[in-house]
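*Asks:* Can you read through this structure? Questions will come right after.
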Amino acid sequence: SLMGPHVIIPTEAARRWASCASVVKVMGGTGLGAEHLIGAISPRAITIYRHWWPEDIQANLIYSSDGPERAVADIVAGLGRYVHLVDYVELLNETHQRLEWGLADHLTFVQKTTKLLHARGLKVSGFSLGWGAYEWDDITFLAQNNFGGADAFSIHEYWDVDSSPIPDHNYEMVFAAADAAGVPRPLMFLTEIGRGVFDSPWEGWRAEGVP
């Protein structure tokens, strides 16, 4: 397995880590300029780009007939001259994650957007599911539909003050669902992982006393 930073704020410390890490996720579209750090990432690293949209825009992209085209336009514009340096584009984040919350529509969006991004030579990491926000039936549905044709699967793993210092291995559910559906296990990216104080997110693991 590989480990590296999830860069939101392009500090000098983030730049130094990104320049030597084996895998780096960069979140652009925020106005903070993190996408400009992509040029500092080692060409040997796996580079993942996520374009940020607020939740209401994510929902609009899913349910609008031109949503996939608009999403691709935003992603390509956000990457700008760095588009050829990115290995994977991560799509929507922690949204429409269960069947009763619109997961089927999310899947359709991923299927359509993946085809458009593939036509531009970009690979896709789909779904970016939040910690504990889904059940076996939801993951089985995605597996039975070959994970929307995406090239990889993103998932988040966290633990808190009431659990042991080992993340729940929810990615194992994805592998088990793939096995049950008879499809290949997807390449897995844990694009958020750690321990934090959820009512004080800027403190994170420091407030927990984790070294």
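*Asks:* Within the range 175-203, take every residue that is within 17 Å of Val124 (Cα to Cα) and modelled with pLDDT of 95 or more and give me the one that is most open to solvent (accessible area, probe 1.4 Å).
*Replies:* Once the filter is applied, the top-ranked residue is Arg185.
*Asks:* Give me a count of the residues in the range 133-146 that are surrounded by fewer than 21 Cβ atoms within 10 Å (Cβ to Cβ), part of a helix (DSSP H, G or I) and not charged (D, E, K, R).
*Replies:* Residues in the range 133-146 being surrounded by fewer than 21 Cβ atoms within 10 Å (Cβ to Cβ), part of a helix (DSSP H, G or I) and not charged (D, E, K, R): 5 in total.
*Asks:* Would you check if there is a residue in the range 161-168 being closer than 22 Å to Tyr63 by Cα, open to solvent by less than 40 Å² (accessible area, probe 1.4 Å) and modelled with pLDDT under 95?
*Replies:* no
*Asks:* Where in the range 21-132 are the helices (runs of 4 or more DSSP H), entirely inside, with at least 3 residues that are open to solvent by less than 10 Å² (accessible area, probe 1.4 Å), at negative phi and not acidic (Asp, Glu)?
*Replies:* 67-79, 103-119
The values are calculated or read from the model by the stated rules, or taken from the named source; none is laboratory data. Note that the structure is a prediction, hence the values are computed from the model and not measured. FYI the Cβ positions are ideal-geometry reconstructions off the backbone, even for glycines, and counts take in every protein chain you see. When the accessible area is computed, the model is the full protein with side chains, heavy atoms only, and any ligands, DNA or RNA have been set aside. Shrake-Rupley method; radii C 1.70, N 1.55, O 1.52, S 1.80 Å.
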